[in-house]
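The values are calculated or read from the model by the stated rules, or taken from the named source; none is laboratory data. All of these numbers come straight from a predicted model, not from anything done at the bench. For neighbour counting, all protein chains shown are included, and Cβ atoms are generated from backbone atoms with ideal geometry for every residue, glycine included.
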Amino acid sequence: MTGENKLPNNIDVFNTNQEITWCPGCGGYGFLTALKKALVKANKKPKDVVVTYDIGCSSNAINFLNVCGFATLHGRSIPVAVGVKMANPNLTVIAQGGEGGIVTEGANHLIHAAQRNDDITVIINNNFVFGLTTGQASAATPKGLKTRSTPEGNPFEALCAVDLALISGATFVSRTPASAIEKTAEIIYQALSHKGFSLVEIIQPCVVWTKELVVQEGVWVARPFKNKLDIIGQENLWGVLYRK
């Protein structure tokens with residue numbers, strides 16, 4: 001980690017010397033830029049930020065973001081983040097990974113961290129499939145979608161990270177497409193500023209294995225809802241959806 005004591009005035013302080021190797025057109029590029037912008041706006045130094053990474057394409061950001069990074073096991077980025085925050089409450093702690101890790105392999109940790117209102121930010125890069133292992137269905141794969149593991153169509157209803165977090169007790173829940181860089185940066189900034197558990201779902205369909213999902217349409221909300229039930233099942237809503 002370099003420049004750990006510098007106060008950021010632009011995103012360069014969070015850059016590394018590693019070449020970004022995501023696929024052309026991947027939403028990871030926009031997401032990473034948004035995250036860096038959010039950290040700058042929050043006036044965070046690299047040494048004061050810890051990101052615990054899951055396994056998968058999006059978690060390759062450990063090589064591209066100049067902060068304290070911790071590569072965890074599949075589905076275990078959240079419990080490691082909770083441990084980091086318990087050990088040093090002064091740190092800004094982010095658990096980051098794809099829906100394969102956080103909604104599939106580690107959904108139990110998502111539920112309980114939201115229930116406890118742990119003071120961490122969870123960022124889910126929702127690719128709708130296991131991208132790194134070449135397009136198998138995850139718990140968040142839309143019903144009917146043909147994947148490498150469900151060639152006749154996924155027979156199951158998709159799990160929604162936002163809904164899971166809401167019913168478990170999350171006090172900040174949001175959803176945003178990776179392509180909306182400035183709005184995503186503002187949402188991540190608000191999540192980082194929130195005291196308690198915060199969730200940011202990044203809508204980021206895999207450009208290789210879910211090409212039919214790449215074009216996403218949503219409705220931006222003007223303000224957070226007061227009633228959680230107004231959000232449940234509304235997967236086309238974008239923005240800060242709930243804050244307590």
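When the test is whether a residue is surrounded by fewer than 17 Cβ atoms within 10 Å (Cβ to Cβ) and farther than 24 Å from residue 129 by Cα, residue 149 does not pass it.
Residue 159: farther than 22 Å from residue 69 by Cα, surrounded by fewer than 23 Cβ atoms within 10 Å (Cβ to Cβ) and in contact (Cβ under 8 Å) with a residue 60 or more places away in the chain, yes or no? Answer is no for this residue.
Residues of region 9-66 that are among the hydroxyl-bearing types (Ser, Thr, Tyr) and out of contact with any helix residue (DSSP H, G or I) (no Cβ under 8 Å at 6 or more places or on another chain): 29 alone.
Of 88, 9, 5, all but one fail to be modelled with pLDDT of 95 or more and more than 21 Å from residue 171 (Cβ to Cβ); the exception is 88. Within region 42-63, restricting attention to residues that are within 25 Å of residue 159 (Cα to Cα) and among the aliphatic types (A, V, I, L, M), which residue is modelled with the highest pLDDT? Ranking the candidates gives 51 first. Among the residues of region 17-27, are any at pLDDT 95 or above and not in a loop (DSSP other than H, G, I, E, B)? Among the residues of region 17-27, not one is at pLDDT 95 or above and not in a loop (DSSP other than H, G, I, E, B), which makes the answer no. Number of residues in region 174-211 that are part of a strand (DSSP E or B) and closer than 13 Å to residue 243 by Cα equals 5. For region 95-150, a tally of residues being farther than 17 Å from residue 168 by Cα, outside any loop (DSSP other than H, G, I, E, B), polar (S, T, N, Q) and under 14 Å from the mean Cα position of the chain (by Cα) returns 3.
The condition (being at pLDDT 95 or above, among the polar types (S, T, N, Q) and on the phi > 0 side of the Ramachandran plot) is satisfied by just one residue among 117, 66: 117.
Report yes if some residue within region 164-171 is of a type in the set (A, V, I, L, M), in contact (Cβ under 8 Å) with a residue 12 or more places away in the chain, part of a loop (DSSP other than H, G, I, E, B) and buried (at least 24 other Cβ atoms within 10 Å of the Cβ); otherwise report no. It would help to see each step written out before you state the result.
If we filter region 164-171 for residues that are of a type in the set (A, V, I, L, M), which is where we start, we get 164-167, 170.
Still in the running and in contact (Cβ under 8 Å) with a residue 12 or more places away in the chain: 164-167, 170.
Next, only the ones that are part of a loop (DSSP other than H, G, I, E, B) stay: 170.
So of that shortlist, the ones also buried (at least 24 other Cβ atoms within 10 Å of the Cβ) come out as 170.
Scanning region 164-171 turns up at least one residue that is of a type in the set (A, V, I, L, M), in contact (Cβ under 8 Å) with a residue 12 or more places away in the chain, part of a loop (DSSP other than H, G, I, E, B) and buried (at least 24 other Cβ atoms within 10 Å of the Cβ).
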